[in-house]
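Before any comments, here is the structure.
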Amino acid sequence: MAEAGLDQLVRLWDEFRTLRFPPGFYQREPAGECMVMMDTMLAGCVSSAMNGPLDDRRRDILQGRTAVLEEILPSIGDDEYATKYFTHLHGMAVLAAKLDTARSE
């Protein structure tokens, strides 16, 4: 799983890097969550997961922020591009968590 998961994560990361942050979400905070911070924290953890096992702090951030983003996603459905962007980010975060778990098994 680890090798195939890493290949898929790298591909998703490359796609994600071509996307621009949704302009309407620099100030919008669904459920009181700063989406700029959400993006920064999750992208940082995904990037770290591509380079090796996560430390406990990054693992906790990845799991916690992924769960929060999953709860927020339905509330941003009014913005098609933001939904695409944050769904992609969520998918990468889920895969990064699975990859990290597979590495520790």
Taking the residues in the stretch 13-43 that are in a helix (DSSP H, G or I) and open to solvent by less than 30 Å² (accessible area, probe 1.4 Å) as candidates, determine which candidate is nearest to E80 (Cα to Cα).
-> F25
Looking only at the stretch 63-75, decide whether some residue is in contact with a Leu (Cβ under 9 Å, 6 or more places away or on another chain), under 20 Å from D7 (Cβ atoms) and hydrophobic (A, V, I, L, M, F, W, C).
-> no
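Looking at the stretch 44-70, which of its residues are polar (S, T, N, Q) and open to solvent by 100 Å² or more (accessible area, probe 1.4 Å)?
Here is the first cut: in the stretch 44-70, the residues polar (S, T, N, Q) are 47-48, 51, 63, 66.
Passing the criteria: N51, Q63.
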Within the stretch 67-105, of all residues that are under 20 Å from D56 (Cα atoms), over 12 Å from the mean Cα position of the chain (by Cα) and of a type in the set (A, V, I, L, M), the one modelled with the lowest pLDDT is A102
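The values are calculated or read from the model by the stated rules, or taken from the named source; none is laboratory data. Please read all numbers here as calculations on a predicted model, not as lab measurements. As a convention, Cβ positions derive from the backbone with ideal geometry for all residues, glycine included, and neighbour counts pool all protein chains shown. Protein only, heavy atoms only, side chains kept; ligands, DNA and RNA dropped before computing areas. Shrake-Rupley method; radii C 1.70, N 1.55, O 1.52, S 1.80 Å.
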